[in-house]
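Here is the structure we will look at.
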Amino acid sequence: MDEPETEELPVLEGRAVFTVTDLKQFAYCPRVVYYTYCLPLIRPETAKMQESRRAHEEEARREERRSLRLYGLPEGERRYDVLLCSTALGLRGKADVVIRTADELIPVDYKMTSRPAGPHFRLQLAAYGLMLSEMEGLPVRRGFVYSTITRQAEEVRFTRRAYAQVRSLTEAMRRMVDTEAMPEAPQGRARCVACEFRRFCNDL
């Protein structure tokens, strides 16, 4: 699930720090991040956001009773709501679950959807992987997106290309906010239908 949004960018070692949710939103539609930080007073909250928070709380309780066989693992140690931060990336976030095995760390993210993980969800999970690797010094080769609707876990393998995309999009997002330059609307307008910022985009 997504970590809480913020209207102000915290600073770490002289550098503004974005959330991983910001990065996911930027990949989906850059204007969401633009409105959040360049015009912060207009941020509305939707019923879907509230429902997502409730689903996260319910799923966290179920996770404690679940076997790791759901993730194809014979054993491991689980940590919940793990706070992550990367000074190198200028990102922070909170992984719903982190599984530690004998030779790897595996982030798990809950999603309230029945569809396969889209590119922006995979990017979010890869960002968790990069931060975990930086903080703990252990390999992070994969993660899981767990659907709170289907009760299924989808494995996401992390590649060099995925990690490079996290870095490049984070820098692009930073440039956009620093310059306060409004980005172009997304090519696929279907994603705009349920957007809380739709009424602010006069070109849609």
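The values are calculated or read from the model by the stated rules, or taken from the named source; none is laboratory data. Everything numeric in this text was worked out from a predicted model, so none of it was measured. Quick reminder, even Gly has a Cβ in these numbers, built from the backbone with ideal geometry, and neighbours come from all protein chains shown.
Going by the conditions given, is Arg174 at pLDDT 95 or above, of a type in the set (Lys, Arg) and outside any loop (DSSP other than H, G, I, E, B)? Before you say what the answer is, go through the steps one by one.
On the way: at pLDDT 95 or above: no; of a type in the set (Lys, Arg): yes; outside any loop (DSSP other than H, G, I, E, B): yes.
No; evaluated as a whole, the condition is false for this residue.
Identify all residues within region 124-151 that are surrounded by fewer than 22 Cβ atoms within 10 Å (Cβ to Cβ), over 14 Å from Val98 (Cβ atoms) and in contact (Cβ under 8 Å) with a residue 12 or more places away in the chain; write none if there are none.
Ser147, Thr148, Ile149, Thr150
Considering only region 1-116, give the helices (runs of 4 or more DSSP H) lying wholly within it that have at least 3 residues that are at pLDDT below 75. First the steps, then the outcome.
Details: elements: 20-28, 30-38, 47-63.
Of the helices (runs of 4 or more DSSP H) lying wholly inside region 1-116, those with at least 3 residues that are at pLDDT below 75 span 47-63.
I need a count of the residues in region 64-97 that are over 30 Å from Ala16 (Cα atoms) and touching a residue at least 60 places away in the same chain (Cβ under 8 Å).
Of the residues in region 64-97, 3 are over 30 Å from Ala16 (Cα atoms) and touching a residue at least 60 places away in the same chain (Cβ under 8 Å).
Quick check on Phe144: is it in a strand (DSSP E or B) and of a type outside the set (D, E, K, R)?
On the way: in a strand (DSSP E or B): yes; of a type outside the set (D, E, K, R): yes.
Against the criterion (in a strand (DSSP E or B) and of a type outside the set (D, E, K, R)), Phe144 qualifies.
Is it true that Pro186 is touching a residue at least 60 places away in the same chain (Cβ under 8 Å), over 18 Å from Ala95 (Cα atoms) and outside any helix (DSSP H, G or I)? Walk me through it before giving the result.
Numbers: touching a residue at least 60 places away in the same chain (Cβ under 8 Å): yes; over 18 Å from Ala95 (Cα atoms): yes; outside any helix (DSSP H, G or I): yes.
For Pro186, the condition - touching a residue at least 60 places away in the same chain (Cβ under 8 Å), over 18 Å from Ala95 (Cα atoms) and outside any helix (DSSP H, G or I) - is met.
Can you tell which of Arg142, Arg151, Arg100, Arg191 is among the basic types (Lys, Arg) and more than 24 Å from Arg65 (Cα to Cα)? So that I can check it myself, show each step before the final result.
Details: Arg142 fails: more than 24 Å from Arg65 (Cα to Cα); Arg151 fails: more than 24 Å from Arg65 (Cα to Cα); Arg100 fails: more than 24 Å from Arg65 (Cα to Cα).
The conditions single out Arg191.
Looking at Thr179 and the list (1) surrounded by fewer than 11 Cβ atoms within 10 Å (Cβ to Cβ); (2) under 18 Å from Thr19 (Cβ atoms), which single condition is not satisfied?
Here Thr179 meets the rest and fails (2).
Read through the list (1) exposed (fewer than 14 other Cβ atoms within 10 Å of the Cβ); (2) without any contact (Cβ under 8 Å) to a residue 40 or more places away in the chain; (3) under 21 Å from the mean Cα position of the chain (by Cα), then give the number of the only condition that Tyr163 fails.
(1)
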